[in-house]
Amino acid sequence: MAAGQEGDLEVEFRKRIFVQIDSQKIPEGTATVTDEKKEKPIPKFNIHSVFWIVAAVSVTYYIGFFDVVHEVLQQGCMWMLTGIMLLMICLSVALYCIIYLEGQCGISDYDKQYPALVFITVSVFTAAAVCCNIALWSVWSVLTPVILFTQFMGVVMLISLF
């Protein structure tokens with residue numbers, strides 16, 4: 001075949017494809033199956049949410065979490081004080097994002113407009129987790145990260161219900 005004929009066949013093939021695509025377009029105003037799936041709300045009560053909340057409450061009750069934290073604070077542990085201070089900084093940044101930026105200013109994509117906030121919050125929370133683990137290591141030893149992670153997940157799942 002000559003080079004000119006191959007080019008003509010390619011142009012004809014493209015025209016046929018575009019005609020088929022145009023004829024298969026969905027008219028505006030008709031709902032598709034994917035639109036119906038997107039509109040279905042996600043239930044707030046999931047099995048994993050209930051599991052984490054029950055696990056956190058159980059851990060709190062059976063190990064006397066608040067009594068241990070109070071006792072560590074009474075001893076004047078600087079690691080625990082630093083961890084709590086860092087958690088308060090993390091909470092204040094989160095409240096700033098939720099209440100001020102989203103509520104007052106109407107900015108729902110604050111992570112795109114202020115990308116440093118995400119980095120700061122994650123960094124501060126990681127430092128707080130390390131400080132709290134060091135402070136409570138003498139009480140629960142190897143189980144300290146597991147206990148603190150269970151508490152964290154329980155709080156996150158409890159907040160997600162609202």
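Computed quantities for the displayed model
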item	result
Shape of region 49-160, Cα gyration tensor, a/c cut at 1.5	prolate
Which of 15, 40 has the fewest Cβ neighbours within 10 Å, and the rest in rising order	40, 15
DSSP-assigned coil residues among chymotrypsin sites (Phe, Trp or Tyr not before Pro) in region 45-133, each with at most 12 further Cβ atoms within 10 Å	45
Computed FRET value (nearest 0.05) for residue 79 with residue 108, which takes r as the C-beta separation and R₀ as 30 Å	0.25
Per-residue HN-Hα couplings for region 54-59 [Karplus 6.51, -1.76, 1.60; θ = phi - 60°; Hz; x = Gly/Pro]	5, 5, 5, 5, 5, 4
Two-site label geometry, residue 54 and residue 70: point separation in nm, points 7 Å out along Cα→Cβ	2.8 nm
Sequence-distant residues sharing a close amide H with residue 107 (under 5 Å, placed H)	102
Average Cα contact separation per residue, region 49-160, under 8 Å, 6 or more apart, as relative contact order %	49 percent
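No lab work stands behind these numbers, since they all come straight from the coordinates. Predicted model, so just to flag it, every value in this text is computed and none were measured. Using ideal geometry, Cβ is built from the backbone for each residue, glycine included, and neighbour counts are taken over all protein chains shown.
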